[in-house]
């Protein structure tokens with residue numbers, strides 16, 4: 001008994017000394033689609049320069065939560081969000097916040113690759129142009145190259161920057177979308193099942209990319225694949241029926257979760 | 001028996017066959033329809049079809065063939081001196097015989113006796129009954145008319161008998177074929193398939209027929225007037241007054257009409273495209289579902305207004321308004337209150353036609369804009385673009401090919417539009433570029449060439465067919481090109 005409490009105290013001290021930096025803090029977040037409630041008082045914090053994986057069975061609310069983080073739910077008819085979400089110190093649902101600015105800081109990569117029907121170059125340049133990030137053509141070239149480099153796509157496309165983005169393979173398209181998100185230099189990148197439409201080789205490349213991006217960005221990723229969550233993330237949050245079941249270090253989640261439901265889900269007993 | 005009566009009897013036969021066939025099939029199965037290959041109703045339908053379909057075909061064939069045969073026989077029986085006359089005169093004589101025959105059917109026996117074979121009296125007696133004759137009938141005509149009536153009577157009796165016998169044979173044969181394993185459903189469905197094929201071929205065959213007849217008539221026209229003069233002529237002067245006088249054929253230059261058509265269409269598109277596109281963007285991107293559900297049908301009601309009503313509107317409201325407006329402006333500017341916009345002008349017609357085209361542009365573009373995948377909008381919004389930036393830079397460029405297709409289709413409507421231009425554009429075939437002056441279009445000229453009482457062999461009327469085929473080819477090309485573009489665009493997202 002004594003030993004255990006001592007260990008607990010030590011752990012608490014440890015935590016305090018390391019002082020976790022939180023990029024985004026969600027407090028009592030609930031989401032309603034019309035009459036239907038999709039998310040119940042979720043308290044989830046996103047750590048800086050960390051990959052946080054959101055897992056759970058279909059319809060559990062993980063994508064909904066992800067979309068609250070850059071207010072993409074605003075585009076859905078009849079959707080209502082309550083609770084409080086902060087990015088650094090700013091309440092992102094505050095009236096003063098410009099959603100356009102927020103989305104420049106919190107980028108998003110979608111489930112299905114959705115390059116614009118424009119050239120590769122124009123796809124990347126789209127965001128910087130809207131936000132006025134480049135002073136001249138040379139600047140823009142620089143941004144496009146750097147973004148493609150970051151997304152690991154530069155070598156593959158540098159000779160056909162002015163060909164259509166939709167002509168790339170599925171995996172390349174998804175990396176193009178990641179490069180497009182990176183181009184506006186966001187602080188957080190949200191990924192909604194970014195590999196669900198890709199084959200295993202393309203998936204491996206994107207996962208590798210997520211690993212590298214972690215150094216510069218805070219990443220939140222929704223995934224259906226346990227293995228993927230285990231491979232790419234440091235923290236994992238488990239959702240079920242619109243509630244946050246458990247949030248923990250990924251290592252712990254996949255070896256010794258606190259909650260029985262997490263264990264069952266990871267073992268494949270439901271979902 | 002009259003044809004409607006025969007059809008009624010056939011219908012009754014069909015109903016009886018259906019009921020009897022269904023009952024019989026059930027009886028064979030011992031009341032348990034699951035023992036049959038098909039549902040009992042199919043057996044009933046099969047018997048009904050076997051009874052009625054061949055009978056109906058025989059009826060149709062008879063109705064077509066019998067008058068042909070009888071007519072040629074009657075004509076063959078005309079006296080030699082009549083046969084020696086021209087084809088047209090023979091036709092006239094035969095027309096008389098036909099009217100006589102119809103009239104003699106109405107007259108009672110007494111009346112026929114009374115009139116006897118006095119042509120003049122016969123004519124007046126028939127006139128009293130409402131059958132007008134072109135002239136006094138000649139004796140041989142009365143005789144032929146009698147023959148005609150007799151032959152028709154016989155033909156009708158034989159036809160009735162044959163049709164009914166065929167129906168009964170069909171019913172009987174099919175009735176005996178009903179058994180457990182007989183695949184009535186497959187047969188009935190094959191007949192239905194045939195009906196569907198026939199229905200769809202009718203539209204296609206009709207189109208081909210119309211094009212063919214236009215081509216033939218246009219061919220006659222080009223026999224009189226060289227094609228080169230028609231397509232490249234710059235003067236439209238058909239010389240109605242002199243029609244028939246062989247020396248003056250008139251000048252049939254297409255260019256002024258084509259120019260007018262394109263000019264008015266262009267003005268119409270200038271009005272319709274911006275308004276239609278903006279309303280489509282509002283409807284598809286900004287309007288709340290509630291507003292959309294009310295506004296969109298309302299907008300589409302505009303498309304249902306008959307174009308003559310628009311023409312009316314142009315003639316009585318827009319035209320005079322523009323004319324008065326122009327004279328006021330002129331008066332303020334120069335002190336001279338002369339109007340510089342004519343009541344009938346390119347501007348009036350183009351403006352009203354543009355109003356008419358708005359719902360086409362907006363409705364078609366709305367569908368195309370809505371079809372742009374949501375993923376593209378999300379991608380743009382997710383990068384921090386505003387709604388308006390997303391529409392301008394992502395949605396509209398993605399929808400552009402489809403929208404262009406829609407605009408081409410609209411343009412082909414503008415070119416083919418008739419009633420508005422007839423009332424609002426004027427009839428003067430002129431080559432000029434002042435939108436305030438009247439001009440005329442191909443469609444207006446088709447109307448005015450055909451609404452005279454000229455005979456159908458003069459180039460003055462035949463030119464309408466040449467104009468028609470030209471218009472047809474232009475709109476066909478536009479439509480095909482538009483479909484091609486729209487289809488190519490669809491492939492992008494499928």
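The values are calculated or read from the model by the stated rules, or taken from the named source; none is laboratory data. These figures come from a predicted structure and were not determined experimentally. Virtual Cβ from ideal backbone geometry, glycine too; neighbours counted across all protein chains shown.
Any chance you could count how many residues in segment B:377-390 are buried (at least 21 other Cβ atoms within 10 Å of the Cβ) and in a helix (DSSP H, G or I)?
Pass one, segment B:377-390, residues buried (at least 21 other Cβ atoms within 10 Å of the Cβ): B:379-385, B:390.
In the following step, the residues that additionally are in a helix (DSSP H, G or I) were identified as B:379-382, B:390.
Summing the residues that are buried (at least 21 other Cβ atoms within 10 Å of the Cβ) and in a helix (DSSP H, G or I) in segment B:377-390 gives 5.
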Conditions: (1) in contact with a helix residue (DSSP H, G or I) (Cβ under 6 Å, 6 or more places away or on another chain); (2) crowded, with 24+ Cβ neighbours inside 10 Å. Residue A:181 meets all but one. Number of the miss?
(1)
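Within the group B:420, B:415, which residue is under 17 Å from residue B:258 (Cβ atoms), assigned to a helix (DSSP H, G or I) and more than 14 Å from chain A (Cβ to nearest Cβ)?
After ruling out the rest, the residue left standing is B:415.
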Does residue B:85 fit the bill of being assigned to a helix (DSSP H, G or I), surrounded by fewer than 17 Cβ atoms within 10 Å (Cβ to Cβ), modelled with pLDDT under 90 and within 40 Å of the chain's Cα centre (by Cα)?
no
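Given the residues B:333, B:295, B:343, which is the only one that is modelled with pLDDT under 90, more than 14 Å from chain A (Cβ to nearest Cβ), on the phi < 0 side of the Ramachandran plot and in contact with a helix residue (DSSP H, G or I) (Cβ under 6 Å, 6 or more places away or on another chain)?
Details: B:333 fails: in contact with a helix residue (DSSP H, G or I) (Cβ under 6 Å, 6 or more places away or on another chain); B:295 fails: in contact with a helix residue (DSSP H, G or I) (Cβ under 6 Å, 6 or more places away or on another chain).
Checking each option against the conditions leaves just B:343.
Taking segment A:105-119 as the search range and keeping residues that are assigned to a strand (DSSP E or B) and crowded, with 22+ Cβ neighbours inside 10 Å, which one is nearest to the other protein chains (Cβ to nearest Cβ)?
Only one residue fits best here, namely A:108.
Under the condition of being surrounded by 17 or more Cβ atoms within 10 Å (Cβ to Cβ) and in a helix (DSSP H, G or I), which residue from segment A:72-98 is farthest from the other protein chains (Cβ to nearest Cβ)? Spell out the reasoning first.
Filtering segment A:72-98 down to residues surrounded by 17 or more Cβ atoms within 10 Å (Cβ to Cβ) leaves A:72-73, A:79, A:81, A:85-87, A:92-93.
Going one step further and asking which of them are in a helix (DSSP H, G or I), we end up with A:72-73.
Numbers: A:72: 6, A:73: 11 Å.
If we take residues in segment A:72-98 being surrounded by 17 or more Cβ atoms within 10 Å (Cβ to Cβ) and in a helix (DSSP H, G or I), then A:73 is farthest from the other protein chains (Cβ to nearest Cβ).
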Among the numbered criteria (1) touching a residue at least 24 places away in the same chain (Cβ under 8 Å); (2) at the interface with another protein chain (Cβ under 9 Å from one of its Cβ atoms), which single criterion is violated by residue A:101?
(1)
Within segment A:165-188, residues at pLDDT 90 or above, closer than 19 Å to residue B:377 by Cβ and assigned to a helix (DSSP H, G or I) come out as A:173, A:174, A:176, A:177, A:178, A:180, A:181, A:183
For segment A:124-139, which positions are closer than 29 Å to residue A:90 by Cβ, part of a helix (DSSP H, G or I) and more than 8 Å from every other protein chain (Cβ to nearest Cβ)?
A:124, A:125, A:128, A:129, A:139
